[in-house]
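Have a look at the structure below before the remarks.
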Amino acid sequence: MKELRGTAVIIGAGPAGLTAALELLRRAKVKPIVLEKSGY
């Protein structure tokens, strides 16, 4: 496995945010951090 090339912060864990995180990890080898608003 290739070494990770950086970190990206994604705001929102909806379908678009999770897809973006997955694609960043798969294609660009960037570590995604997904943040979601808490309901509490």
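Among the residues making up the stretch 15-40, those that are in a loop (DSSP other than H, G, I, E, B) and surrounded by 11 or more Cβ atoms within 10 Å (Cβ to Cβ) are Lys29, Glu36. The set of residues in the stretch 1-14 that are aliphatic (A, V, I, L, M), assigned to a loop (DSSP other than H, G, I, E, B) and touching a residue at least 24 places away in the same chain (Cβ under 8 Å) contains only Leu4.
Bear in mind these aren't lab numbers, they're just calculated from the coordinates by the rules spelled out. None of these values were measured; they are calculated from a predicted model. Cβ atoms come from the backbone with ideal geometry, glycine included; neighbour counts cover every protein chain shown.
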